[in-house]
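All remarks here apply to the structure that follows.
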Amino acid sequence: MADDCLFCRIIRNEIPAKVVAKTDDCIAFRDINPQAPSHVLIIPREHVPSLNQLRDPDVVGRMAMLAAEIAKQEGIADSGYRTVINTNADAGQTVFHIHMHLLGGRGMGWPPG
Ligand code: 5GP
Ligand code: ZN
């Protein structure tokens, strides 16, 4: 837990969010500025600033499993979806609590911008 971290504050219910799933290890909520019809952020309860500080591979494994489960809930598992972890400036990371974007409900371009 980090006192001044936006996503830790969402975990502590200090900031409201549209939560779509909660597990012992992760929570998932809708992105405030959605870039696709379904845009959910999956975060670990543990405060890890970015993929660069990841020490326990299970953390990302659990995030990915939950993303797949939410994709089913959202009805996009078969049509397809994209999972993204942005790391640092060139990738556009703006919140330094690791998170996986789950995006779907429309066709995605490749390569990404
Ligand atoms: P990043 O750019 O770090 O990969 O992604 C951060 C994401 O968090 C952005 O897509 C942004 O819209 C989202 N975000 C920022 N602040 C909030 C907030 O207060 N609530 C929610 N639900 N999403 C947020
Ligand atoms: Zn945090």
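The values are calculated or read from the model by the stated rules, or taken from the named source; none is laboratory data. Since the model is a prediction, treat every value here as computed from it, not as a measurement. Please note: Cβ atoms are built from the backbone with ideal geometry, for glycine as well, and neighbour counts cover all protein chains shown. Accessible surface is based on the protein model in full, side chains and every heavy atom, while ligands, DNA and RNA are left aside. Shrake-Rupley method; radii C 1.70, N 1.55, O 1.52, S 1.80 Å.
What's the carbon and sulfur percent of the chain's accessible surface, probe 1.4 angstrom, rounded to a whole number?
The nonpolar share, carbon plus sulfur, comes to 50 percent.
What is the dipole size for the chain, taken about its Cα centre, with +1 at each Lys and Arg Cβ and -1 at each Asp and Glu Cβ, in debye to the nearest 20?
280
For the charge dipole of the chain, defined by +1 on Lys and Arg C-beta atoms and -1 on Asp and Glu C-beta atoms about the Cα centroid, which residue among 27, 76, 43 has the Cα displaced farthest towards the positive pole?
Going by the charge dipole, the pick is 76.
Averaging sequence separations of C-alpha pairs under 8 Å and six or more residues apart, then dividing by the length of the range 6-104, give the relative contact order as a whole percent.
32
Would you mind estimating how fast the chain diffuses translationally, via Stokes-Einstein at 20 °C and 1.002 mPa s with the Kirkwood radius over Cα pairs, in µm²/s?
150
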